Amino acid sequence: MPIPVILDCDPGHDDALAILLAAASPELDLLAITTCGGNQTVEKCTINARRMCTVAGITGVPIARGAAGPLLGSLHIGEYVHGASGLDGPEWGEPTVPEAGENAHDLIVRILREHPEPVTLIPVGPLTNIALVLSAHPELKANIREIVLMGGSTERGNDTPYAEFNIRVDPEAADIVFRSGVPVTMCGLNITHQALATPDVIERLRALGTPMGDLCVELLTFFSASYLRTWGFTSPPLHDPVAVARVIDPSLVEVVSVPVAIETQGRFTAGATCVDLHHLTGEPDNALVATRLDAPRFWDLMIGAIASYE
C-alpha cells in the first residue's frame with residue numbers, strides 16, 4: 001500500500017523537484033502540499049507550488065498556505081539563491097491549479113485526525129507549520145508515522161557558518177520538532193551535497209526530450225548559477241528530493257541513530273544542528289541522521305519520476 005504523506009515546502013527550485021518526485025511515486029499517496037515562508041515569501045512559495053502542479057498536471061492534491069514567518073522574529077528569505085520569484089529561470093504562465101480553501105495548519109490537523117492510518121510528514125522547508133501543529137495538538141503525535149525532513153547538517157552550514165538555511169529560518173520550530181518524541185529522520189547538507197546535479201544529470205534530463213525534462217533543465221541551470229556564485233559549487237546539490245527519496249526507498253539513504261539538539265541562542269551559531277555522532281553528551285537518541293546517499297540510484301529514481309510527466 002502507498003505511504004500516505006504530506007509534503008510541507010517553500011518552493012524553491014529543489015522543492016519544485018521534490019513535488020514532482022512525491023506526486024509521481026507509486027510508493028507514496030500524496031495527500032497534500034503545504035507551504036510556508038522560506039526561500040521566498042509564503043505568498044510566492046504558494047504560487048510556485050501551484051505553478052509546478054499546473055505544468056505537471058498534478059490535480060486533486062490540495063495546496064494550502066501556511067506560516068508566513070518563523071515563530072519568533074522576522075522572515076529571512078533565500079532570494080540570493082532562488083531569485084525574486086523564488087523559482088526564477090523559466091517563463092511561468094498563470095497557474096490554474098487552485099489554492100485550497102483552508103490553511104495549512106487546519107488541513108494538516110484534519111488529515112491527521114481523519115486518515116485511517118498514521119501519516120508521514122515530509123517538511124523540506126522551515127519547520128514552522130509542523131511545530132505549530134505539534135504544539136497545538138500534541139494528541140495527534142500518535143497519528144504521525146514519522147517526520148522525514150530536509151534540514152540541518154552534521155558539519156557546517158550554508159546560510160551562516162554553522163546553520164543550514166531551513167533550520168536557521170526558524171530554530172525554535174526545529175527545537176520543538178526534534179524534542180517532540182515523534183520519530184524524526186534528518187536529511188542534512190552532509191547527505192544532500194551527495195546529490196549533485198552534474199552535467200551528466202543535466203544531459204540525461206535534456207535527452208528525455210519532454211517539456212518537463214526541459215523545464216527541469218531550466219530550473220537547474222538557474223540553480224547551478226546561484227550555487228556557483230554563492231558557494232563555488234560547479235554542480236548544484238538537489239537537497240529536498242533526498243528526503244522524499246528516503247520515504248520512497250529507505251535503502252537509498254544510510255542513517256545513524258543519535259542525539260540532535262538545536263542551537264537557538266548562539267550569537268554565531270543560532271540555527272545550528274548539534275549532532276552528537278559520538279554520543280559525547282549522554283543525551284538519549286532522538287533522531288535518525290542521514291549519512292550516505294546511493295547517488296546513482298537516487299538519480300535513477302529522480303529522472304524516472306520526471307520522465308513520467310508528459
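The values are calculated or read from the model by the stated rules, or taken from the named source; none is laboratory data. Small disclaimer: the values here were computed from a predicted structure and weren't measured. Positions of Cβ are generated from backbone atoms using ideal geometry, with glycine treated the same way; all protein chains shown enter the neighbour counts.
Suppose the filter is more than 19 Å from Thr269 (Cα to Cα), at pLDDT 95 or above and surrounded by fewer than 20 Cβ atoms within 10 Å (Cβ to Cβ); does Asp175 pass it? Answer is no for this residue.
The strands (runs of 3 or more DSSP E) found wholly in segment 1-114 include none carrying at least 3 residues that are among the polar types (S, T, N, Q). Sub-9 Å Cβ pairs linking a first residue in segment 154-167 that is part of a helix (DSSP H, G or I) to a second residue that is among the β-branched types (Val, Ile, Thr), at least 6 apart or interchain, are Phe165/Val81; Asn166/Val124; Ile167/Ile262; Ile167/Thr273, ordered by first then second residue.
Of all the residues in segment 168-226, those that are farther than 30 Å from Val133 by Cβ and charged (D, E, K, R) number 6. Considering every residue within segment 193-201, establish whether at least one is under 19 Å from the mean Cα position of the chain (by Cα) and among the small types (Gly, Ala, Ser). Checking segment 193-201: at least one residue is under 19 Å from the mean Cα position of the chain (by Cα) and among the small types (Gly, Ala, Ser). Take the conditions surrounded by 17 or more Cβ atoms within 10 Å (Cβ to Cβ), at pLDDT below 95 and hydrophobic (A, V, I, L, M, F, W, C) and apply them to Val81. Does it pass? Against the criterion (surrounded by 17 or more Cβ atoms within 10 Å (Cβ to Cβ), at pLDDT below 95 and hydrophobic (A, V, I, L, M, F, W, C)), Val81 qualifies.
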